1. Which ones in the stretch C:448-507 are more than 25 Å from C:His226 (Cβ to Cβ), touching a Ser or Thr at 6+ places or on another chain (Cβ under 9 Å) and assigned to a strand (DSSP E or B)?
2. Please find, among C:Ala23, C:Ala17, the residue that is in contact with a helix residue (DSSP H, G or I) (Cβ under 9 Å, 6 or more places away or on another chain), at pLDDT 95 or above and either assigned by TED's automatic domain parsing to the domain that holds C:Gly357 or within 12 Å of C:Val512 (Cα to Cα) (or both).
3. Among the residues of the stretch A:314-344, write down those that are farther than 16 Å from A:Ala167 by Cβ and aromatic (Phe, Trp, Tyr).
4. Tell me which of these C:Ile462 doesn't satisfy, since it passes every other one: (1) modelled with pLDDT of 95 or more; (2) farther than 21 Å from C:Asn246 by Cα; (3) in contact with a strand residue (DSSP E or B) (Cβ under 9 Å, 6 or more places away or on another chain).
5. For residues that are open to solvent by 30 Å² or more (accessible area, probe 1.4 Å) and modelled with pLDDT of 95 or more, scanning just the stretch C:181-198, find the one that is nearest to the other protein chains (Cβ to nearest Cβ).
6. With respect to the numbered conditions (1) surrounded by fewer than 20 Cβ atoms within 10 Å (Cβ to Cβ); (2) within 10 Å of chain C (Cβ to nearest Cβ), which one is the sole condition not fulfilled by A:Gly184?
7. Quickly run through the stretch C:43-60 and pick out the residues that are surrounded by fewer than 22 Cβ atoms within 10 Å (Cβ to Cβ) and closer than 24 Å to C:Gly143 by Cα.
8. Please work out which residue is surrounded by the most Cβ atoms within 10 Å (Cβ to Cβ), limiting yourself to the stretch B:271-321 and to residues that are farther than 29 Å from B:Ala231 by Cβ and within 14 Å of another protein chain (Cβ to nearest Cβ).
Amino acid sequence: MSDVVVIGADANGLVAAHLLARAGHKVTLVQEHGARERTSGWVPAALARELALDVAVEWPDPWLRAPLDGGGVLELWRDRAKSVDSIRRLSARDAGAWPRFCERMSALARLLERIYLEPPPSLVDLRFALRVRRLGREAMEDFMRLLPMPVAELLDEWFASDVLKGALGALAVRHLHQGPRSAGTAFRLLHYHAGSPSGVFRSPMSNLAALLHTRAGVGMREAKVSGITVRGGEVTGVVLDGGQELRAPLVLSAADPRRTLVELVEPGLLDPDLLRALRNVRARGVAAKIVLTLERAPEWQTLTLAPSLDYVERAYDDVKYGRISAKPWLDVMADGASAEVHFQYAPHEQSTDATIGERAAKLLAPYLPPIKQGKVLAPPAPWPEGQPHQAELALDQAFWMRPLPELAGYCTPIKGLWLCGQAMHPAVAGIAGYNCAREIGRA
Amino acid sequence: MLKTTPFHERTAPLCASHAWRRWAGHVVASSYELTHEREYHVIRTAAALFDVSPLYKYMVRGRDAGRLLDLVVTRNVQKAAVGQVLYTPWCDHAGKVMDDGTVARLNDTTFRMTSAEPNLRWLQDNAAGLEVDITDVTGGIAALSLQGPAAGSILASIGAPALKYFRIAPATLHGIAVTVSRTGYTGDLGYEIWAEAGNALALWDAVMEAGRPYGIMPAGLLALDMARLEAGLILIDVDYVPARKALIESQLSSPYELDLGWTVNLDKERFNGRDALVAEKARGPAWQFVGVEVEWSSLERLYAEVGLATRLPSATWRMSVPLYADGEQVGYATSGGWSPLLKKYIALAHLRSRWAAPGTPLEMEMTVEHRRRRAAARAVKKPFFDPPRKRA
Amino acid sequence: MKRYDAIIVGGGHNGLACAAYLARAGRKVLVVERRERIGGAAMTEEVFPGFRFSVFSYVVSLLRPEIIRELELPRHGLHILPLESTLTPLRPDGKAGDYLAQWSDHDQNRRELARHSVRDAEAYDEFGLLLHRMARAIKPLLGVAPPDPASLDLRELWDLWRLGRYFRGLPEKDLHALWKLLTMSAADYLDEWFEGEALKGTKSASGIIGTLLGPRSPGTAYVLLHHYMGELDGVFRAWGFARGGNGSVSAAIAAAAQAHGAEIRTQAPVSKILISGSSATGAVLDNGEELRAPIVVSGADPRRTFLGLVGEQHLPDEFAAAIRRYKFRGSSAKVNLALAEPPRFICMPQPGPHLRGAISISPSVDYLERAYDDAKYGEISRRPYMDIIMPSMLDPAMAPPGKHVMSIFVQYAPYHLNGGWNDARREELGDTVVNTLAEYAPNLKSAILHRQVITPADIERIVGLSEGNIFQGELTLQQMFFLRPAPAWARYRTPIRGLYQCGSGTHPGGGVMGAAGRNAAMEILGARA
C-alpha cells in the first residue's frame, strides 16, 4: 500500500485519513490550522462503525427556542408532543399541522441520507430516478416540488405563525447568501434535517473530529502546504512551507477546491475552462460569530431570534448590497456562562466589524443575563471567504454539480489527487471525507 | 457603424470599385480597381500594399509572458530568439484549434501576438497565477502588409533593415518608428509593418511614395485571397471552424487535421490540448487538409457536353464543395479557384486520411449549367506556389 | 340545442389555437369568449381615437413556428416585424453616449459591447452559443405533454422512458449547463460571464418578467433561454412585433380556426362547467344557456377553471389543494402612451434605429433588485424596471401620421399591494413610470397626449387572469413541466373526464407561444405531438 498525504485536519480530512490508514495505507495528515473541538453535522452510523468510533452526538433539547412578542417562548423539542403543545399556544392549526409536516419532511430527509452516503448520482442516473420513484407518489411529488422551492413558500403552505416560520426559515438559510424567499432554500431545510430525528431541523454537534484527532494510526504534521507537485499528469506529493516535500502518489485535499487546484497546483496543468469554472464557484461567507461571556449561565441551551420570514428576508436584503444586516437574525448556543452567537447576515469582508457585537448585544439584551464581555471572532481559516461549506450549498452547487460537475466524483483531472472537503458532496463534515476514501478504495 | 482602419483616409479615395468587405468589424477594400486581377498580379510581379489593421493584436509583457504563451500556443515560444516570429495555432483543452496567428518576440519579456478572433479573455484566463500583463492593442496599432518581389527593395529604400524569413526588427521608416517583420499571407516575399495608429497616414504615404518606382499598388482582399490559396494558407471561418464557434463535434479540427502538425511541439511539458494531441498523434488524425487540383480535360469535357466553353471562377470561392472517391464522399473543399499564375483550378480540402495521399484520384462536385456534375481531380501537395524568394 | 364535439372556454390565443387544431382534425368546435372581442391578453384596441395599442401583451417572442406553419397564419394575416435592438440608458442624469445598445448586427454589437468591456464583447458570442445549444436541448420539451413520473400507466411510462432516453442522449455537459440555468439566479449566472452592469441588468431583466422574483432569486436564469429560443429556427427573431398589434396574432389564429369550421361566440361568459358524475358534459352561460359537448377545454387559468367554473366539490382533495397553492402573484403592469412626438433620450438624442427596438430601463442588477425589494413587501417599485417599445415606429398605422404609441411594460407592481389597488394607486403607478422615464427622456411629459395605466388588478378584472399574472401562474421550477399546474395533471387532462386545460397555466407556460393550446389539442386528439 502506498503513501498518502491528506491536507487539512478537519472532520473530512481526519475521516478520510483514518479510513485509508485502516485500509493499509501509510497516511500523513498535514494539519494546517488548529483543531476544532466540536463538529457540526450528522454522523452516520456506518461511518462510526467503520472507524470503530464511539461518537457522542447531541442536539439541544428543545432544539429550537424562539421568544414570542408578548413574552413567552416557542419551544420545539425532540418529543413531538411537547412541540405540538408549545405551538398550540401560537396557533391551533399550526399545532395540528406539525406532526404531518414532520413526517413528510422525514420521508424526504431519509432519501437525502441515502444519497449523502454515496458519491453524487448522475443527473440521468436511472437508479437514482427509480429510487425517487420508489418513494411513492406523495413523497416523490414532495421531492420534486420542494427541492426548488423557497423555504418561505413551503412554510407558508403549512403554517401561519410568524415565529415558527421565521425561525425555521432562518435555520434553512444558515450560511447561505440567500433569504428564505429565494428558490432552492426548502432543500436547505431538508439538508439540515438529514441525520436528525423526525421533527428536528437542526444539525447535531459531535466530538467526531476531536476523537479522531487524538487517535493513533495516522502521522500528523503541523504545517502549511505551499504546493502540490505533479509530474506527467500524476500527483507526486506536497510541498510544505519551508520547502520540505512529502512524496506520495496519492494526495487528498480537504482544503477548498479553488485553493487546491488554482493555488496549490502549478499553473498550466488544468483546463483553463475548468479553472474559470472554479473561480466562478460561489463561496460567500454571510455570517459573523460572537462569543459572549455572561454574568451567569442562562437556564437554556439555545435561542433563535428570527421573529418572521419578512424579518429574515429584510436581514438578507442588506447583504445583497454589501451591508451588514441592520436587524440580523441570531442563533445563540449557550454553554454555561459562555454563549456563541451566530449573526447573519454580514458580508465576509465586514464579518469582524465592531458594530456586529453591538447590534447583537442590543437585540439579545432582553433575553440574556447581563453580558460581561463580547468578542467578534474571525471565521476559521479553512473557510474560503468565510463560507463553511467551501462552496455555497445551493441547488446549482449540490449533488452532481458539487462543486463542479467535472469534480463531483471526488477525483480531479490530476491522477492521484482527490478532493475530500466540505465543498464536496454532501457538504456534511466527515461524510465528504468518508465518501472520498471509499471512492479511492473502489478506484 | 462599422469601424474604419487608421488608413481609411487614404484607402477610401483609392477605392474606385466601391467594393468593401467586412473584416473583424472593420471595412476594408475588396479591390481598389474595378476588377481585382491587376492587384493579384502585382503581388507576384512587383509589390502590393494591403491594409491589415483589423487583425487583433495583443502585447504580452512580463516575467511569465513567454510561459503564458507557451501554455496557450502549440509551438515553443520560450525557445524563440528575440526578433523571431512564429506562426502558430492554439487549441482548447481538447486539442481543437481555436485560432491561428503569429507570436513575435520583441525582447526577452515582451511579445506581440496577432490573431483572427478576439483573444483577450482567453489569454487572461490562461494567465491565472502568472506574472504577466496583457494589453489589447488592436485599435492602437496600424498594420500594413507589403507583398511581392519588390517589397524588400522598397522598404530598404526608406531605411528598413534586411530581415530573414519570419524575423522582426524595429526600424525607422522615413522618420516613423515602426517594427517590420518578414511575414505575410501571400506565400511570396513580403513584409508587415506595424506602427502607432497616429502615424498611419504618414507611413502609408512613405511606403507608397517609395514604392512608386517599383510599381507598387494598393491591393484588396480579393487579390489576397487568391494569393493565400496558391500559398495553401488556411483561413479561419472558411477552412475551419474555430473551436469556440463550433456547434457540433464534427465541426472541430485539430492542428493535425489542418496540416499544422508541424507546429505542434509535443516536447513542451504542458500546453492546452497537449494530452489530446499526444493521443491523436499516436492514433493518426482522422482527417487531413490537402491541396486538390481539378483536371482541366475533365472540366472542359463537362462544359463541352452542354455546348459551352469552360467557365472558371473569377475569384476565390469560399464554400463547402463535396469530394468523392471510390463512389462515396470522402471530403470537402472549403476554398478554391482558378490560379491565374499556375493556370490550374485548385482548392484546399479536408479529406479523410485514407484518401489524402498526394496523387489520390478524386472527383469534385461542379455545377455545370444548373446540373450537378463531378470533375476529375486529385490530391496534391501544398503549397501550390512556393517561389524561392519567399524565404531567400 | 346545438351539439358540439368540443367547447373551448375562453378565446385567448391558446384557446383559439386549440380550437383551430381540433377543427382542423374535423371536430365541431365552439369557442365561447366572455368579452366582446377575442384574443384575451393578446388583443389590439383603439384606446384613444387614432391610437391603437396592444393593450396587454405587446411582443411576439415565442409563438411556435410549427403553429405558424401548420395553421398557415401568414395567409390569415399574420406579419411579424423584427425588433432589432435593445437600448439601455446607463443613468438618468447622463449625457449623450451613456447607453449600452445591443444590435442585431454582430459586428456592430461587438463594437458596442467592447466600448464598455472588451471581455464582455468576447464572452458574448460564447454565451450566445451556449444558450443556443441549451435552447435546442429544451426545444423538444415544448411540444410534448409532460408525463407523470409517478404513474404506472403504460402510456405514461412509455413517454417517461422516451423523455429519459432523450435526456440521456444529450451530452453530459449540456445537461449540467441546463441544470445550472434551471437552478441559478439570473444575476449569479450572468456574473459568471460578464462584468458590465448594464449588460447584466438588461439580460437579467428577461428572467424576472411576469414573476415576483428579483434577478438575484434562484430560478430566474432559466428565462434567459427564452431570448434564444425564437432565434433558433431562423423563422423569426427572439422579439418581434405583430403588424397591427398583438390582436392580429389572435385574429390570424381565429381566422384559421374559422376557416376549418370552428364557431366563435363573443359576449358569451361561461358561469359554470357542467359536470355529470365525474364527466364534463358542457357549459352554462351567464344568461342560463346550456351548451353541450363531451369535451370541454378551458383556456382560463387553473384557479378560475377549477375553483371557479368547476367547483371544489367536484374535485379530489389533493388536486384542489394543489390548485389552491398554485402561485400567481402578478407583478407586472402596463402603461400605454399616445405621444405627439417620439421621445428624445438624453443618451441618444437623435431619432434613429434605436427607437425601432426595445428600450430597457435596467441600468444594473442592483437597480432591478431594489425594484423587487419594494414589491416583495407589497409596494410599487419606486424605480421600476421598464421594457418599452414603440409600435408606431414599426407599423405607422398604429398611430395617426407623425404621432406615436408607446408601450411600457412595468415591473414591479405587485397584485397584493399594501392597502389594495384603487384609482389613486393606479395613477400613482402611472406617475412613477412617467416620472422615471422622463429622467431619461425629458421631452416625454410634454409629448404625452393620452395615458392608459393597467395594473395587475385591471388585468385580472378585464382579461380574467388571476392576480393579473401574465403567465397564468408563476413560471417557477416548482410550477413547471410535470408540476404545471399540479402534479399528475400536467398533460392537459383533469380529474374530470372530458375536461381539459389549454391555457398558459399548463406546460410550457406563458408568453404568446400557443404551445399549450396546440399540445392540448394533440392530447385530445390522441396524437403524439
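The values are calculated or read from the model by the stated rules, or taken from the named source; none is laboratory data. Just so it is clear, the structure is predicted and the values come from calculations on it, not from any experiment. As a convention, Cβ positions derive from the backbone with ideal geometry for all residues, glycine included, and neighbour counts pool all protein chains shown. Just the protein is used for accessible areas: all its heavy atoms, side chains included, with ligands, DNA and RNA removed. Shrake-Rupley method; radii C 1.70, N 1.55, O 1.52, S 1.80 Å.
1. C:Arg497, C:Leu499, C:Tyr500
2. That would be C:Ala17, the only listed residue that is in contact with a helix residue (DSSP H, G or I) (Cβ under 9 Å, 6 or more places away or on another chain), at pLDDT 95 or above and either assigned by TED's automatic domain parsing to the domain that holds C:Gly357 or within 12 Å of C:Val512 (Cα to Cα) (or both).
3. Scanning the stretch A:314-344 gives a single hit, A:Tyr321.
4. (2)
5. For the stretch C:181-198, the residue satisfying everything is C:Glu192.
6. (1)
7. Passing the criteria: none in range.
8. Residue satisfying both the conditions and the ranking: B:Asp275.
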